[in-house]
1. Mind listing whichever residues of the stretch 207-226 are within 20 Å of V106 (Cα to Cα), in contact with a Lys or Arg (Cβ under 8 Å, 6 or more places away or on another chain) and either aromatic (F, W, Y) or surrounded by 14 or more Cβ atoms within 10 Å (Cβ to Cβ) (or both)?
2. Residue under question is G22, and the condition is that it be in a helix (DSSP H, G or I), in contact with a helix residue (DSSP H, G or I) (Cβ under 9 Å, 6 or more places away or on another chain) and outside the structural domain of T159 (by TED's automatic domain parsing); does it hold?
3. Name the residues in the stretch 117-141 that are among the small types (G, A, S) and within 15 Å of the ligand (Cβ to nearest atom), would you?
4. Could you please tell me which pairs satisfy a Cβ distance under 7 Å, a separation of 6+ or placement on different chains, a first residue in the stretch 178-199 that is among the aromatic types (F, W, Y), and a second residue that is at pLDDT 95 or above and surrounded by 17 or more Cβ atoms within 10 Å (Cβ to Cβ)?
5. Is it the case that some residue within the stretch 71-81 is touching a residue at least 60 places away in the same chain (Cβ under 8 Å), surrounded by 17 or more Cβ atoms within 10 Å (Cβ to Cβ), at negative phi and within 14 Å of the ligand (Cβ to nearest atom)?
6. Which residues, taken from the stretch 168-226, are among the hydrophobic types (A, V, I, L, M, F, W, C), closer than 14 Å to Q91 by Cβ and assigned to a strand (DSSP E or B)?
7. If I ask for residues that are surrounded by 21 or more Cβ atoms within 10 Å (Cβ to Cβ) and more than 14 Å from the chain's Cα centre (by Cα), which ones from the stretch 48-70 would you list?
8. Give the residues of the stretch 177-197 that are touching an Asp or Glu at 6+ places or on another chain (Cβ under 8 Å) and either closer than 15 Å to E85 by Cα or at pLDDT below 95 (or both), sorted by residue number.
Amino acid sequence: MNLKELVGIEVAKYVKDGMVVGLGTGSTAYYMVKEVGRRMKEEGIQVTGVVTSSATEQQAKELGIPLKAIDEVDYVDLTIDGADEISSDFQGIKGGGAALLFEKIVATYSKECIWIVDESKMVDKLGDFPLPVEVVPFGSHNLFRLFEEKGYNPKWRKTADDEILITDGGHYIIDLALEVIENPHALADELDRYVGVVEHGLFIDMISKVVVGTPEGPKEIAVPGK
Ligand code: 5RP
């Protein structure tokens, strides 16, 4: 069993009967969704899923997990998602799977969020992983140029066919190769101010817990003060 599978299965224990559960996106969240489906079938728990991407929607439907759209619920009890990097103060970069916008929306309306990662994603400071910025296509080449001028080393997110990728929300993604993000709060505020930026992959103060996959087994870390 790989580390992603290990944490995906472990974290599903936090899903309780009757919950509205935010179902994250990516190769780690995949195993959590699979385990939730198994628990529904074999243990008889009933949950309602709120998905964060078309990919997760397809998986959840195949597993027979009943779904509601985010606007059909007032809040989500618990959202479990992967992450691309988590800093020592539990800020995160997400969006490697291009689902950051819907992931952040679902997380925002969740009472609690847990991230599941393998230990390679726990870092001191964020930034080694390119920071995804989701942008409206109109004017995006000018925004790209602005990022170049700022020295943010932008790169278009492309498909396997080398086309600009279009997100589930109908937007483009520009990845910023920043190497190190000294002040995630300040950068998040800055990115929020660019016209044409729909959302960015800095997830600030969003989680209460991380479940980390290590060769010794899953390790749970509670975020202090949450
Ligand atoms: C998708 C995400 C994913 O959660 C993140 O990229 C981690 O993915 P994986 O578990 O496949 O490494 O943010 O937008």
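1. From the stretch 207-226, those within 20 Å of V106 (Cα to Cα) are 207-211, 223, 226; that's our starting set.
Subsequent filtering for residues that are in contact with a Lys or Arg (Cβ under 8 Å, 6 or more places away or on another chain) retains 207-209, 211, 223, 226.
Once the filter is applied, which keeps residues that are within 20 Å of V106 (Cα to Cα), in contact with a Lys or Arg (Cβ under 8 Å, 6 or more places away or on another chain) and either aromatic (F, W, Y) or surrounded by 14 or more Cβ atoms within 10 Å (Cβ to Cβ) (or both), the stretch 207-226 yields I207, S208, K209, V211, V223.
2. Numbers: in a helix (DSSP H, G or I): no; in contact with a helix residue (DSSP H, G or I) (Cβ under 9 Å, 6 or more places away or on another chain): yes; outside the structural domain of T159 (by TED's automatic domain parsing): yes.
Judged against the criteria, G22 is not a match.
3. First, pick out the residues of the stretch 117-141 that are among the small types (G, A, S): 120, 127, 139-140.
The answer is S120, and nothing else.
4. Final answer for the pair search is Y194/L143.
5. Yes: one or more hits.
6. Passing the criteria: L202, F203, V210, I221.
7. So in the stretch 48-70, the residues surrounded by 21 or more Cβ atoms within 10 Å (Cβ to Cβ) come out as 49-53, 56, 60, 65.
The answer is G49, A60, I65.
8. Let us first name the residues in the stretch 177-197 that are touching an Asp or Glu at 6+ places or on another chain (Cβ under 8 Å), namely 179-180, 197.
Selection gives E179, V180.
The values are calculated or read from the model by the stated rules, or taken from the named source; none is laboratory data. Given the structure is predicted, the values throughout are model-derived calculations rather than measurements. Please note: Cβ atoms are built from the backbone with ideal geometry, for glycine as well, and neighbour counts cover all protein chains shown.
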